[in-house]
Protein chains: 2
Amino acid sequence: MTTPPPGLRERKKQATHEALREAALRLAVERGPDQVRVEDIAEAAGVSPRTYNNYFASREQAIVAAVTAGREARIAAAVAARPTGMRLADAVTEAVVEQYTNTGEREQRALLLITTRTALREAFLDTTADIEPPLTAMIAERLGDVGAHAARVLAASVAAAVRIALEGWLRPAGNSEAAESFGAGGLVVPSGSLSDRLRATLEPLAPAFDAAERRTQP
Amino acid sequence: MTTPPPGLRERKKQATHEALREAALRLAVERGPDQVRVEDIAEAAGVSPRTYNNYFASREQAIVAAVTAGREARIAAAVAARPTGMRLADAVTEAVVEQYTNTGEREQRALLLITTRTALREAFLDTTADIEPPLTAMIAERLGDVGAHAARVLAASVAAAVRIALEGWLRPAGNSEAAESFGAGGLVVPSGSLSDRLRATLEPLAPAFDAAERRTQP
DNA sequence: CAGGAAAAGTGCGCACACGCAAGTTTACCT
DNA sequence: AGGTAAACTTGCGTGTGCGCACTTTTCCTG
């Protein structure tokens with residue numbers, strides 16, 4: 001195992017992280033994203049403002065983190081769950097689609113809030129980069145040693161493609177007038193099927209996956 | 001033409017932009033990157049600090065901009081310069097390599113300075129994203145309408161790959177002690193051939209380019 | 001060629017990011 | 001156990017990011 005006992009130190013750290021995330025999201029929902037200062041979030045979580053940004057580099061990151069928490073681990077697990085005989089391009093695509101569509105009620109509500117503010121949308125899009133390390137690991141696992149280099153490039157390409165898909169998906173929500181009062185816009189649900197967008201965007205990369213896979217098992 | 005007369009307004013804007021870039025780089029070289037405040041840069045360029053960050057979002061961006069200025073336009077021209085019959089993957093790779101290796105004396109010196117500070121290195125790496133729009137345009141040009149979608153993904157993948165190559169190339173320069181006094185480290189020249197790194201990193205994407213190209217001209 | 005709209009520059013003020021140097025808690029070792 | 005080293009938290013100070021309101025410059029149109 002890689003986790004003998006997590007250790008008290010680490011558990012406290014994660015607890016603080018979660019407390020900050022939840023406080024940030026709760027306050028953002030309650031009074032609107034712009035009416036929340038880091039000082040408020042820190043106070044609600046019981047830490048100092050200085051400690052706050054030992055955990056988060058910006059106000060937006062904390063709010064977004066409440067939605068994206070644990071995504072890195074889940075996407076790795078999702079790839080690992082696919083049968084080893086499966087085409088690598090398909091395994092990755094399915095894992096990614098599953099990750100961005102099978103979301104809970106709470107995540108959907110929060111995501112709706114996020115679409116109302118440009119700063120939040122960009123912070124959310126930036127979290128896409130977080131899937132790169134786990135993807136690199138899982139792809140490298142399937143490609144073996146000769147494909148370790150390609151794995152890095154492919155994972156980065158997938159992350160870039162996912163970001164593009166999300167950008168396109170969030171674009172219609174970019175109207176500035178509907179975001180005037182935060183709780184009003186229930187109609188800003190992004191257009192089109194996210195699944196379809198993700199699949200279509202990842203499709204051009206499939207040949208690169210196939211070639212890399214072919215290089216390991218001729 | 002798309003530039004009938006540039007207009008006085010636009011010329012002044014670009015002049016200010018250049019003045020800020022040059023001032024930032026000059027001051028950074030003269031007294032070391034950490035001993036320069038935005039106030040100093042703004043003063044040297046003859047504008048207010050407030051105006052400064054109508055142009056740049058951070059102190060590092062201005063310094064780095066002096067090196068990367070015009071890269072977007074040059075990379076587009078570099079791709080356009082390749083014969084139309086050429087394999088697209090090769091055209092893009094050559095254009096990128098040319099862009100990052102055929103640099104002048106002044107750029108080399110500035111790049112040396114950049115490697116000495118983590119903040120500057122990251123700002124420099126972030127500029128890699130700027131090549132994506134021109135690449136998208138040039139790739140889309142060669143792929144035609146049916147490949148417009150793939151062009152976006154491929155360009156983003158190239159940008160991601162280039163960033164990876166640059167990260168690896170700059171990694172050995174990450175020693176913190178050699179960066180103590182700014183002008184001292186002439187030995188922090190990054191290891192290996194940048195050309196080779198770029199080619200090796202872009203290589204896994206070639207099959208994706210080939211497949212996209214094949215789709216347009218069977 | 002006037003006159004007004006649009007855009008750029010500027011001064012002000014607040015919130016945030018982050019380095020530094022304490023002080024405090026946790027972990028590990030003999 | 002006891003002691004020490006490492007990690008985490010925190011207060012403080014500075015530099016920076018940016019919204020807002022206002023002035024100046026540029027451009028367009030009647």
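See the values below:
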{"item": "Residue match in the range A:8-15 (condition: among the acidic types (Asp, Glu), within 16 Å of DNA strand C (Cβ to nearest atom) and either more than 14 Å from every other protein chain (Cβ to nearest Cβ) or under 30 Å from A:Pro207 (Cβ atoms) (or both))", "result": "yes"}
{"item": "Test: B:Thr101 is among the hydroxyl-bearing types (Ser, Thr, Tyr) and within 13 Å of DNA strand C (Cβ to nearest atom)", "result": "no"}
{"item": "Matching residues in the range A:16-33 - criterion: being within 16 Å of DNA strand D (Cβ to nearest atom) and under 17 Å from A:Ala119 (Cα atoms)", "result": "A:Arg21, A:Ala24, A:Gly32, A:Pro33"}
{"item": "Single residue of B:Val146, B:Val188 found to be exposed (fewer than 13 other Cβ atoms within 10 Å of the Cβ) and at pLDDT below 95", "result": "B:Val146"}
{"item": "Pick from the range A:120-164, criterion basic (Lys, Arg) and away from chain B (no Cβ under 12 Å), ranking: nearest to A:Ala66 (Cα to Cα)", "result": "A:Arg121"}
{"item": "Boolean, B:Ala44 is within 16 Å of DNA strand C (Cβ to nearest atom), within 14 Å of chain A (Cβ to nearest Cβ) and small (Gly, Ala, Ser)", "result": "no"}
{"item": "Search result, residues across the range B:101-131 that are under 27 Å from B:Ala151 (Cβ atoms) and crowded, with 21+ Cβ neighbours inside 10 Å", "result": "B:Phe124, B:Thr128, B:Ile131"}
{"item": "Helices (runs of 4 or more DSSP H) within the range B:109-171 that include 2 or more residues among the small types (Gly, Ala, Ser) and under 17 Å from the mean Cα position of the chain (by Cα)", "result": "B:118-126, B:148-170"}
{"item": "Candidate set from the range A:195-218 (those that are of a type outside the set (Gly, Ala, Ser), more than 9 Å from chain B (Cβ to nearest Cβ) and under 22 Å from the mean Cα position of the chain (by Cα)); member that is surrounded by the most Cβ atoms within 10 Å (Cβ to Cβ)", "result": "A:Leu198"}
{"item": "Condition met for B:Arg50 (over 13 Å from the mean Cα position of the chain (by Cα), at pLDDT 95 or above and within 16 Å of DNA strand C (Cβ to nearest atom))", "result": "yes"}
{"item": "Qualifying residue in the range A:65-72 (condition: closer than 23 Å to A:Phe209 by Cβ, away from DNA strand C (no atom under 11 Å from the Cβ) and surrounded by 13 or more Cβ atoms within 10 Å (Cβ to Cβ))", "result": "yes"}
{"item": "Answer residue from the range B:57-93, given it is within 14 Å of another protein chain (Cβ to nearest Cβ) and among the β-branched types (Val, Ile, Thr) and is farthest from DNA strand D (Cβ to nearest atom) among those", "result": "B:Thr93"}
{"item": "Residue check for B:Val38: modelled with pLDDT of 95 or more, closer than 20 Å to B:Ala160 by Cα and either more than 14 Å from chain A (Cβ to nearest Cβ) or within 16 Å of DNA strand C (Cβ to nearest atom) (or both)", "result": "no"}
{"item": "Residues of the range B:34-56 classified as of a type outside the set (S, T, N, Q), over 24 Å from B:Leu112 (Cβ atoms) and within 12 Å of DNA strand D (Cβ to nearest atom), total", "result": "7"}
{"item": "Count of the range A:44-64 residues which are surrounded by fewer than 20 Cβ atoms within 10 Å (Cβ to Cβ) and either farther than 28 Å from A:Glu105 by Cβ or of a type in the set (Ser, Thr, Tyr) (or both)", "result": "10"}
{"item": "Residue within the range B:77-93 that is away from DNA strand C (no atom under 16 Å from the Cβ), under 13 Å from the mean Cα position of the chain (by Cα) and not aromatic (Phe, Trp, Tyr) present", "result": "no"}
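The values are calculated or read from the model by the stated rules, or taken from the named source; none is laboratory data. Please read all numbers here as calculations on a predicted model, not as lab measurements. Please note: Cβ atoms are built from the backbone with ideal geometry, for glycine as well, and neighbour counts cover all protein chains shown.
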